[in-house]
Amino acid sequence: MAKKLSDAAKTFVVQSLACFDTPSTVAEAVRKEFGETIARQSIEAFDPTKRAGQKLAKRWRALFEETRKTFLEDTAAIGVSHRAVRLRALERMAAKAESMGNMQLAAQILRQIAEEMGGALTNRRELTGKDGKDLPAAPAPVNIFQLPDNGRG
């Protein structure tokens with residue numbers, strides 16, 4: 001089945017797999033984008049990191065490696081990697097949930113916004129004092145009473 005794909009569809013498949021898309025997602029995208037049907041198992045043949053893709057042509061292997069490298073290095077191109085974009089999307093969702101009368105969902109989204117804003121509701125601990133200064137020293141232990149030595153010295 002993979003041999004019937006056009007070069008444009010093959011390029012799309014290789015680049016999608018390099019960006020960590022699942023074979024199911026890629027198969028559906030190829031069907032919608034190019035009108036070509038391909039089985040999930042056939043898509044794995046375009047991934048050189050999988051056993052099925054060990055015999056992938058050098059051309060496609062090079063494209064895969066370059067796309068994967070670019071994808072991993074360039075997170076700035078991914079909108080949701082930025083806090084401001086995530087907050088705006090969450091704000092729209094909260095407003096829509098509230099307008100629909102789904103107060104429970106709106107509350108969950110507002111809680112997520114609070115977490116996003118400042119690490120609230122996390123288990124992260126600050127190991128320094130205010131403004132990065134050292135923590136205050138622990139008070140010295142207080143002896144309440146002294147035990148007798150019973151003549152042992």
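Every number in this text was worked out from the coordinates using simple rules, so none of it is lab data. Being a predicted model, the structure only gives us computed values, none of them experimental. We place every Cβ from the backbone using ideal geometry, glycine too, and count neighbours over all the protein chains shown.
Compared with the dominant Cα axis of the chain, that is its longest principal axis, helix 7-18 is turned about 10°. Placing a pseudo-label 7 Å from each Cα along the Cα-to-Cβ vector at E66 and D131 gives an inter-label distance of 5.2 nm. Seen from E44, the other residues with C-beta closer than 13 Å to its C-beta sum to a net charge of +2, counting Lys and Arg as +1 and Asp and Glu as -1. Positive-end ranking of T75, A29, Q108 along the dipole of the chain, with charges on Cβ about the Cα centre, is headed by A29. Between M103 and S81, the modelled labels are 4.0 nm apart [label points 7 Å from Cα along Cα→Cβ].
For the residue pairs K69/K133; K32/K58; K4/K58; K10/K69, the alpha carbons lie more than 29 Å apart in K69/K133. Principal-axis analysis of the Cα atoms of the chain puts helix 83-99 at an angle of about 90° to the longest axis. Each of K130, K69, K50 has some number of other Cβ atoms within 10 Å of its Cβ, and from fewest to most they run K130, K69, K50. Shape summary: region 2-73 maps onto an equivalent ellipsoid whose semi-axes, from the alpha-carbon gyration tensor, are 18, 13, 11 Å in decreasing order.
Orientation-averaged projection of the chain equals 21.6 nm² [convex hull of Cα atoms, one quarter of hull surface area]. Against the chain, whose longest principal axis is taken from its Cα atoms, helix 103-118 shows a tilt of about 70°. If the only charges are +1 at each Lys and Arg Cβ and -1 at each Asp and Glu Cβ, what is the size of the charge dipole of the chain around the Cα centre, to the nearest 20 debye? Using only the charged Cβ atoms, the result is roughly 600 debye.
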